[in-house]
Amino acid sequence: RAKELGRNSYQFYCPEMNARTLERLQIEADLRHALERNELVLHYQPQIDVKSGAIVGMEALLRWEHPVLGVVSPLRFIALAEEMGLIIPIGAWVIRTACLQNMAWQKAGLGRLRIAVNLSARQFTGKDLLQSVGDALEESGLEARYLELELTESMVMGDVDNAITILRMLKQLGVHLAIDDFGTGYSSLSYLSRFPIDVLKIDQSFVRDIALDADGAAIVVSIISLAHSLRQKVIAEGVETAEQLAFLRAHGCDEVQGYFFSRPVGALEFEHLLAHAPCTTG
Ligand code: C2E
Ligand code: MG
Ligand code: MG
Ligand code: MG
């Protein structure tokens, strides 16, 4: 009987799925310890002012240096960290590390740059956000205007009144606020004007389409014009070619970020980039 059952269940055994389930369980278990084991690191990608060509900011992008799997992309573990509730301590660590690193670079005379940090949905509505941002600024000594928080449309368009309350409190601290991946979510334009947002980041999918078709180009031009009419700055993400840059410059995009200039790099390499780039003040 047992043998028969065993044979039957063998039919349902799918080695591929099993391996994936195991890997997920392993990743979950390891993620719990990633912070205390110092396996999380930030990489930094420069943001370039289109007019001057100077590096004026950077985006901090999280990496997990797993002892066995190697470098794990945030696309693979952020959602998991959200589900597990780990995004709160991990997110606080990201904000704190970004502020400390930026202040260290400012003190070293490498320029006064803005650092952008991605927030996750649970972090945004969580009760600790204001506290972690305030603590990170105080501990690092970084002026609030050099910290930018990146949100997505879905995070602010759900419970609009609650979002406005949170955004206003963050603005009172003096930080900058940006909408990431703009154009990929559902934004109500009337709400957009009510949010105290400083920056729209054009999603890389539209930037990629600039050279491919007239519609892609039209969308980019519309977003730039929308942002400027709301007195917001525009950053284009995922700029990979000189053609894309030329188009963005011709249409008044303020800042650009992408492989054309640099991939996200570790702190040492970023320091090198800064040391050899045109200097900024302000
Ligand atoms: P994102 O915030 O939209 O970040 C931009 C992504 O595009 C990054 O991927 C970056 O490496 C990549 N990228 C930059 N330039 C180019 C380019 O020219 N071409 C292409 N093809 N890609 C480019 P990454 O680092 O894998 O991060 C993926 C996403 O993970 C981020 O998208 C963000 O949503 C999330 N993420 C990253 N770090 C954090 C974090 O600390 N906290 C949270 N909550 N999410 C994070
Ligand atoms: Mg981002
Ligand atoms: Mg983005
Ligand atoms: Mg994204």
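The values are calculated or read from the model by the stated rules, or taken from the named source; none is laboratory data. Please read these numbers as outputs of a predicted model, since none were measured by experiment. As a convention, Cβ positions derive from the backbone with ideal geometry for all residues, glycine included, and neighbour counts pool all protein chains shown. Side chains included, ligands, DNA and RNA excluded: accessible areas come from the protein's heavy atoms. Shrake-Rupley method; radii C 1.70, N 1.55, O 1.52, S 1.80 Å.
Summary of values
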quantity	calculated
All positions within the stretch 145-165 that are of a type outside the set (Ser, Thr, Tyr), more than 16 Å from ligand 4 (Cβ to nearest atom) and closer than 22 Å to Glu59 by Cα	Arg145, Leu147
Where a residue in the stretch 83-103 is in contact (Cβ under 8 Å) with a residue 24 or more places away in the chain and its partner, wherever it lies, is in a loop (DSSP other than H, G, I, E, B) and open to solvent by 40 Å² or more (accessible area, probe 1.4 Å), with Cβ under 7 Å and at least six apart	Ile88/Asp128; Pro89/Leu35; Ile90/Leu35; Ala92/Asp128; Trp93/Leu35; Met103/Gly141
Residue among Ala178, Ala218 that is away from ligand 1 (no atom under 15 Å from the Cβ) and either in a helix (DSSP H, G or I) or closer than 20 Å to Asn102 by Cα (or both)	Ala218
Unmet criterion (only one of (1) of a type in the set (Gly, Ala, Ser); (2) within 16 Å of ligand 4 (Cβ to nearest atom); (3) at pLDDT 95 or above) for Gly185	(3)
Complete set of residues in the stretch 193-231 that are within 26 Å of Thr165 (Cβ to Cβ), in contact with a helix residue (DSSP H, G or I) (Cβ under 8 Å, 6 or more places away or on another chain) and away from ligand 2 (no atom under 16 Å from the Cβ)	Arg194, Phe195, Pro196, Leu226, Leu230
Where Glu28 falls short, out of the listed (1) at pLDDT 95 or above; (2) open to solvent by less than 80 Å² (accessible area, probe 1.4 Å)	(1)
Residues that are within 16 Å of ligand 1 (Cβ to nearest atom) and of a type outside the set (Val, Ile, Thr), drawn from the stretch 127-169	Asp128, Leu129, Ser132, Ala136, Leu147, Glu148, Leu149, Glu150, Leu151, Glu153, Ser154, Met155
Unique residue being open to solvent by 50 Å² or more (accessible area, probe 1.4 Å), touching a residue at least 40 places away in the same chain (Cβ under 8 Å) and away from ligand 3 (no atom under 16 Å from the Cβ) when the list is Leu212, Leu173	Leu173
Only one of Ala116, Ala98 that is closer than 19 Å to Gly266 by Cβ and within 16 Å of ligand 4 (Cβ to nearest atom)	Ala116
Selection from the stretch 156-170 of residues that are in contact (Cβ under 8 Å) with a residue 12 or more places away in the chain and within 20 Å of Ile95 (Cβ to Cβ)	Val156, Ala163, Ile166, Leu167, Arg168, Met169, Leu170
Total residues in the stretch 176-192, condition open to solvent by less than 10 Å² (accessible area, probe 1.4 Å) and either more than 14 Å from ligand 2 (Cβ to nearest atom) or more than 19 Å from the chain's Cα centre (by Cα) (or both)	1
Ala136 vs. criteria open to solvent by less than 10 Å² (accessible area, probe 1.4 Å) and assigned to a strand (DSSP E or B)	no
Odd one out for Ile115, checked against (1) within 16 Å of ligand 3 (Cβ to nearest atom); (2) at pLDDT below 95	(2)
Residue check, Phe270 open to solvent by less than 50 Å² (accessible area, probe 1.4 Å), within 16 Å of ligand 1 (Cβ to nearest atom) and among the aromatic types (Phe, Trp, Tyr)	yes
Tally of residues being among the aliphatic types (A, V, I, L, M) and crowded, with 21+ Cβ neighbours inside 10 Å across the stretch 225-263	8
Total residues in the stretch 235-266, condition in a loop (DSSP other than H, G, I, E, B), among the small types (Gly, Ala, Ser) and more than 16 Å from ligand 2 (Cβ to nearest atom)	2
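For every residue, the table says whether it meets (1) open to solvent by 10 Å² or more (accessible area, probe 1.4 Å); (2) within 16 Å of ligand 4 (Cβ to nearest atom); (3) modelled with pLDDT under 95.
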{"position": "Tyr44", "(1), (2), (3)": "no, no, no"}
{"position": "Ser52", "(1), (2), (3)": "yes, no, no"}
{"position": "Val56", "(1), (2), (3)": "yes, no, no"}
{"position": "Ala60", "(1), (2), (3)": "no, yes, no"}
{"position": "Pro67", "(1), (2), (3)": "yes, no, yes"}
{"position": "Pro74", "(1), (2), (3)": "yes, yes, no"}
{"position": "Met84", "(1), (2), (3)": "yes, no, yes"}
